[in-house]
Ligand SMILES: Cc1cc2nc3c(=O)[nH]c(=O)nc-3n(C[C@H](O)[C@H](O)[C@H](O)COP(=O)(O)O)c2cc1C
């Protein structure tokens with residue numbers, strides 16, 4: 001049966017412990033497809049994804065972040081800071097917004113596929129840029145380690161802690 005969106009959003013939690021079970025290629029492609037369906041500013045599509053799968057590269061990524069959680073797949077979420085939309089007020093690339101939306105789509109698609117993930121910002125972006133041998137205009141912003149949750153994986157206490165809606169929003 002199709003899961004209600006709010007049920008999926010509530011069940012998803014930051015998974016920081018993964019099983020060794022490899023993630024099927026079909027699922028990896030579905031997660032990338034979810035990113036491609038995300039909207040981007042003026043349809044500039046600056047999002048670029050590096051799928052880190054090899055043991056060697058996953059090990060190297062540990063030099064850039066303490067939060068890879070030994071996941072079997074790490075999506076490093078990058079933005080093209082040259083070709084995406086630039087804010088006319090500041091002249092700056094706003095690729096970070098587009099990358100965030102794509103990452104959110106991927107995180108939720110992963111959950112829908114029965115996979116765990118954690119959005120990770122704790123990463124030395126310059127080190128990751130070098131490790132992944134990216135061109136200068138493709139800049140990493142965050143990553144999404146993904147895999148099947150370990151049998152004893154569970155949500156942290158923070159998962160259940162949310163502001164009441166009355167503090168989150170107001171109506172005027
Ligand atoms: C933008 C962003 C950055 C995050 N960075 C990290 C991180 O670097 N390391 C980590 O373990 N969790 C990270 N998280 C996960 C949050 O700590 C987590 O989402 C929050 O505590 C709520 O818990 P939940 O995801 O289980 O609901 C990040 C989440 C977001 C949205």
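The values are calculated or read from the model by the stated rules, or taken from the named source; none is laboratory data. Quantities reported herein were computed from a predicted structural model and do not represent experimental measurements. No Cβ is skipped: glycine too gets one built from the backbone with ideal geometry, and neighbour counts run over all protein chains shown.
Please indicate, with yes or no, whether at least one residue in the range 48-66 is surrounded by fewer than 18 Cβ atoms within 10 Å (Cβ to Cβ), touching a residue at least 60 places away in the same chain (Cβ under 8 Å) and more than 27 Å from residue 95 (Cα to Cα).
no
Would you check which residues across the range 113-127 are more than 10 Å from the ligand (Cβ to nearest atom) and part of a loop (DSSP other than H, G, I, E, B) and list them?
If the condition is that a residue be more than 10 Å from the ligand (Cβ to nearest atom) and part of a loop (DSSP other than H, G, I, E, B), then 113, 114, 115, 124 are the ones that fit.
Restricting the search to the range 64-85, which residues are out of contact with any strand residue (DSSP E or B) (no Cβ under 8 Å at 6 or more places or on another chain) and modelled with pLDDT of 95 or more?
Step one: filter the range 64-85 for residues out of contact with any strand residue (DSSP E or B) (no Cβ under 8 Å at 6 or more places or on another chain), giving 64, 66, 83.
Of everything in the range 64-85, those that are out of contact with any strand residue (DSSP E or B) (no Cβ under 8 Å at 6 or more places or on another chain) and modelled with pLDDT of 95 or more turn out to be 64, 66.
Show me the helices (runs of 4 or more DSSP H) found entirely inside the range 1-63 where at least 2 residues are within 13 Å of the chain's Cα centre (by Cα).
Filter on the range 1-63 gives 25-36.
Test each condition in (1) assigned to a loop (DSSP other than H, G, I, E, B); (2) more than 19 Å from the chain's Cα centre (by Cα); (3) closer than 14 Å to residue 76 by Cα for residue 172 and report the one that comes out false.
Of the numbered conditions (1) assigned to a loop (DSSP other than H, G, I, E, B); (2) more than 19 Å from the chain's Cα centre (by Cα); (3) closer than 14 Å to residue 76 by Cα, the odd one out for residue 172 is (3).
For the range 105-112, does any single residue satisfy the condition of being farther than 27 Å from residue 24 by Cβ and touching a helix residue (DSSP H, G or I) at 6+ places or on another chain (Cβ under 9 Å)?
There is no residue in the range 105-112 that is farther than 27 Å from residue 24 by Cβ and touching a helix residue (DSSP H, G or I) at 6+ places or on another chain (Cβ under 9 Å).
Which residue, of 5, 75, 69, is buried (at least 20 other Cβ atoms within 10 Å of the Cβ) and either more than 16 Å from the ligand (Cβ to nearest atom) or more than 20 Å from residue 137 (Cβ to Cβ) (or both)?
Sole residue among the options that is buried (at least 20 other Cβ atoms within 10 Å of the Cβ) and either more than 16 Å from the ligand (Cβ to nearest atom) or more than 20 Å from residue 137 (Cβ to Cβ) (or both): 69.
Check the range 147-156 and report whether any residue there is touching a residue at least 24 places away in the same chain (Cβ under 8 Å), within 16 Å of the ligand (Cβ to nearest atom), under 21 Å from residue 8 (Cβ atoms) and within 15 Å of the chain's Cα centre (by Cα).
There is at least one residue in the range 147-156 that is touching a residue at least 24 places away in the same chain (Cβ under 8 Å), within 16 Å of the ligand (Cβ to nearest atom), under 21 Å from residue 8 (Cβ atoms) and within 15 Å of the chain's Cα centre (by Cα).
Does residue 81 fit the bill of being free of Cβ contacts under 8 Å to residues at least 60 places away in the same chain, closer than 22 Å to residue 45 by Cβ and either within 13 Å of the ligand (Cβ to nearest atom) or in contact with a helix residue (DSSP H, G or I) (Cβ under 8 Å, 6 or more places away or on another chain) (or both)?
Considered against the rule, which asks whether it is free of Cβ contacts under 8 Å to residues at least 60 places away in the same chain, closer than 22 Å to residue 45 by Cβ and either within 13 Å of the ligand (Cβ to nearest atom) or in contact with a helix residue (DSSP H, G or I) (Cβ under 8 Å, 6 or more places away or on another chain) (or both), residue 81 comes out as yes.
Yes or no, residue by residue, for (1) in contact with a strand residue (DSSP E or B) (Cβ under 6 Å, 6 or more places away or on another chain); (2) under 16 Å from residue 46 (Cα atoms); (3) at pLDDT 95 or above:
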position: 87; (1), (2), (3): no, yes, no
position: 91; (1), (2), (3): no, yes, no
position: 115; (1), (2), (3): yes, no, yes
position: 124; (1), (2), (3): no, no, yes
position: 147; (1), (2), (3): yes, no, yes
position: 151; (1), (2), (3): no, no, yes
